[in-house]
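K.L.:
Please read through the structure below; I'll follow up with questions.
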Amino acid sequence: MRSKEIDLRYTSASCTSHPIVRLSNIIPSLASEGVDEVKIILREDDIPREAMRFFLLKYNYYIERFEELEKGILQVIARRIS
């Protein structure tokens, strides 16, 4: 099983580097590389949980669970739909 971790907590102030923009640039390549599990670390305020769920489903990933690492910081564990 191939796994990848993406940390979206640290972004610059420009709108082109917003976490959802960064994620939308990364996820399609992961899907084409055959990555089975993705761990995404982010600030909960940046991408709401339901938006994350909807976005990942678009690329055939489902959210297995959300883990709160610290206040306001989430780790999303997503797996590829087979």
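The values are calculated or read from the model by the stated rules, or taken from the named source; none is laboratory data. Quick caveat, the model's predicted, so the values are computed rather than measured. Cβ atoms come from the backbone with ideal geometry, glycine included; neighbour counts cover every protein chain shown. Surface areas here come from the heavy atoms of the whole protein model, side chains and all, with no ligands, DNA or RNA. Shrake-Rupley method; radii C 1.70, N 1.55, O 1.52, S 1.80 Å.
K.L.:
Need at least 3 residues that are more than 12 Å from the chain's Cα centre (by Cα) and either of a type in the set (A, V, I, L, M, F, W, C) or within 17 Å of GLU5 (Cα to Cα) (or both) per element, so show me which strands (runs of 3 or more DSSP E) inside the stretch 30-82 make the cut, counting only ones lying wholly within it.
P.N.:
61-70
K.L.:
Which condition number in (1) open to solvent by less than 40 Å² (accessible area, probe 1.4 Å); (2) closer than 15 Å to ILE73 by Cα is the one that ASP7 fails?
P.N.:
Only one criterion is unmet by ASP7, namely (1).
K.L.:
Spot the failing condition for ILE40; the list is (1) in contact with a Phe, Trp or Tyr (Cβ under 8 Å, 6 or more places away or on another chain); (2) surrounded by 13 or more Cβ atoms within 10 Å (Cβ to Cβ), and only one is missed.
P.N.:
(1)
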